[in-house]
Structure formats: structure tokens, C-alpha cells
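Engineer: Below: one structure in C-alpha cells.
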Amino acid sequence: MGEAPEFFYVNGISKFGHETQQNHCNGQNHDSSWYEEIIDDDLKWSYKLNSVLHKGISEYQEIALLDTKRFGKALVIDGKMQSAETDEFIYHECLIHPPLLCHPNPKRVFIMGGGEGSTAREALKHNSIDKVVMCDIDQEVVSFCRKYLVVNREAFSHKKLELVINDAKAELEKRKEKFDVIVGDLADPLEDGPCYQLYTKSFYEKILKPKLNDNGIFVTQAGPAGIFTHKEVFTSIYNTIKQVFKYVMVYSTHVPSFADTWGWVMASDQPLSIGAEEMDKRIGARIHDELHYLNGAWFHSSSIMNKTVMLSLQNETHVYTEENARFIPGHGVAHRF
């Protein structure tokens, strides 16, 4: 019989968790070491590890940076995969480029979250951009992403980037300026996590929308949108935003390291329609770097939901409030104390 596999948990402690963390942080390599993410009570998703690069608990959340065999370096927050080196371009291109390409002439962008720097990196590819504000609540996440994620070092040092460590709600409230695009690159809504209040109707209506210019666009990541997972938060986020903006659209695609289809919601008080040909023209004219995933034909197809998801979106009645939120399975740091 071979060596029994060791399992490492970020949020929750396994039988082998302490030993695995210690061995990996000391640079030892175990072929049988795995990181295991709990998707639901009856479902887990495992990643074979080369090493654990960083593990700790900040003031706001539990953080790990893992070196996985399949997906390279992976950022895990509160036990949930946030992005992985080999396929993060899928998530970040889908998040940032549709709103910037739908906008006639985007100049100023505000990113809520985005501590790893990838969303800012993609926004800064647009020639029209004058300023990108990236506001993340967690200095520790930003610091170790700057250290370990070399692909984003240029973005972190870009002269057009303003990096702010603050709560996005408080930062938007105090700023006098308005933005062409506001981006929600937040962690999933977790019970006791740091950001579920940034998915509520009152936040969108009273704080976020007033900070958009007249033709401004809001986009947010909206959690799993798969056939079995879209009712967790995706349909609720869509229905909540629909109460605040005149035009709202959803789109989705598969992200391999997330082991699911992922969803985004984009909204504005101006029409968001843009043809595939026009989007391709804007990509060529506006973006000075190559996109690896997004083009006009894909974006058009990504906004067409299958029958089950479409009906769930149409029939959703839940609206996010501070008192009545929905959560992804799992818990934030506050749950552990």
C-alpha cells in the first residue's frame, strides 16, 4: 500500500492539516499531499499540491497561497478558490472587458476588492483609461499577492493605478468623484465574511449607483452559475441588481479551477447591447495587449442561458438585504472565533 494522502484545509482542520502545512512550509515535497475545498456538505474538490507558499489569518479573512500541480499558484480565501495561475485570465477577462467595451469611452474605473491585482491589470490594457482605483480591505492579501504573483507586478507599479486599503463601501461614500465603470471583484458572499453587505440592494442603490457617471456601468462577479449551483447566489444577485438598474444582463462561462460555470452580472441605466462585430472592432482599437479568451462571438453566446438557469433567473424573488442574505456554503473568519 502507498503512503496515505495528507489533506490540507484552509477553512476547517483536517486530521493531517497541521502536519501538511508544516511540511510544505519547510519546503518538503510530498507526492501524496492535497488541498481539499469543501464545495457543499456532500461534495469536495481536491487539488494536488507542490507546496503551501503562505497561510495565515488576517483581520478579515483566512488566506492561503498554494502551489498546485494542475493550476499553478492559487489564491484561496476563507476556504474558497479565488484564482489560479493557469486559468485566472478567463475570470478576469470576463469580469473587466465586457463593461469597458460596452462603455463608449471609459476613463475612470473603481474596483471593489481585486487585491491580487489581476482585475487592475486587465483594466489598464485599455488605451482610454486615465485612472484605476483598486480598493481592497485586506492589506495582507495585497502584500503577499504583490510578492508572489509576478504576472501582476507591472500593474501594481502602473502610474494610472491608485491602490487604496479600505472598505469599499466607506471609500465610495467619502469620494467626491464619479466613475465610468465600477467593478465588484469581491469574494463570494459568505456568512460572517467581510463583504456580503456589498451585494445588498441598499448598497447598490444608495452608495454605488450615485458614484457612476450618467452612462456608467456596474459589473460584479456573481458566484457559481452551474446547472446545480446557480440558485446559491447568482439568481439573487441578478434579481437584486434588477431592482436598481434599468438594463441588466448576465453572462457565464466555465472556469476549470473553480470546477463550475461562473456568472457575472452587468448593469446600467443605458442599453448594454453591443454586436459581436462591433465588440471585435473595439477590442482591436482600444486594447493594447492580447486577450486570450474574450471575443465578440463568445460574449454574445455567453449571455444566452440554458433553459433551467433562464427560468430560475425569471422566477427569482429574493432580494439581498442586510437582514436577508444568501450565502455560499462555508464561513468567514468571524465564525471561527
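Engineer: Which strands (runs of 3 or more DSSP E) does region 151-240 wholly contain that include 3 or more residues that are open to solvent by less than 40 Å² (accessible area, probe 1.4 Å), closer than 18 Å to Glu323 by Cα and hydroxyl-bearing (Ser, Thr, Tyr)?
Structural biologist: none
Engineer: Given the residues Val142, Val132, Val183, which is the only one that is closer than 29 Å to Leu66 by Cα, in contact with a Leu (Cβ under 6 Å, 6 or more places away or on another chain) and either touching a residue at least 40 places away in the same chain (Cβ under 8 Å) or among the β-branched types (Val, Ile, Thr) (or both)?
Structural biologist: Of the residues listed, the single one that is closer than 29 Å to Leu66 by Cα, in contact with a Leu (Cβ under 6 Å, 6 or more places away or on another chain) and either touching a residue at least 40 places away in the same chain (Cβ under 8 Å) or among the β-branched types (Val, Ile, Thr) (or both) is Val132.
Engineer: On to the next question. I'm checking my understanding of the structure. Among residues of region 34-63 that are within 12 Å of Met81 (Cβ to Cβ) and surrounded by fewer than 16 Cβ atoms within 10 Å (Cβ to Cβ), which one is nearest to the chain's Cα centre (by Cα)?
Structural biologist: Trp45
Engineer: Filter region 124-148 down to residues that are part of a loop (DSSP other than H, G, I, E, B), open to solvent by 20 Å² or more (accessible area, probe 1.4 Å) and under 19 Å from Gly184 (Cβ atoms), then give me how many there are.
Structural biologist: Within region 124-148, residues that are part of a loop (DSSP other than H, G, I, E, B), open to solvent by 20 Å² or more (accessible area, probe 1.4 Å) and under 19 Å from Gly184 (Cβ atoms) number 1.
Engineer: Taking strands (runs of 3 or more DSSP E) that fall entirely within region 62-116, which contain at least 3 residues that are at pLDDT 95 or above and among the aliphatic types (A, V, I, L, M)?
Structural biologist: 108-113
Engineer: Then there's this: Check Glu93, Glu116, Glu122, Glu59 and return the single one that is assigned by the TED database to the domain that holds Ile274, of a type in the set (Asp, Glu) and more than 19 Å from Phe299 (Cβ to Cβ).
Structural biologist: Exactly one of Glu93, Glu116, Glu122, Glu59 is assigned by the TED database to the domain that holds Ile274, of a type in the set (Asp, Glu) and more than 19 Å from Phe299 (Cβ to Cβ), namely Glu116.
Engineer: Has region 4-15 got any residue that is in contact with a Ser or Thr (Cβ under 6 Å, 6 or more places away or on another chain), modelled with pLDDT of 90 or more, assigned to a strand (DSSP E or B) and open to solvent by less than 20 Å² (accessible area, probe 1.4 Å)?
Structural biologist: No.
Engineer: Give all pairs with beta carbons closer than 9 Å in which a residue from region 306-322 that is farther than 11 Å from Ser236 by Cα and modelled with pLDDT under 95 meets a residue that is charged (D, E, K, R) and surrounded by 12 or more Cβ atoms within 10 Å (Cβ to Cβ); count only pairs at least 6 apart in sequence or on separate chains.
Structural biologist: Close Cβ pairs satisfying both conditions: none exist.
The values are calculated or read from the model by the stated rules, or taken from the named source; none is laboratory data. Keep in mind the model is a prediction, meaning the values are calculated, not measured. Methodologically, a virtual Cβ is constructed for each residue, glycine included, from the backbone with ideal geometry; neighbour enumeration extends over all protein chains shown. Ligands, DNA and RNA are excluded from the accessible area calculation, which covers all protein heavy atoms including side chains. Shrake-Rupley method; radii C 1.70, N 1.55, O 1.52, S 1.80 Å.
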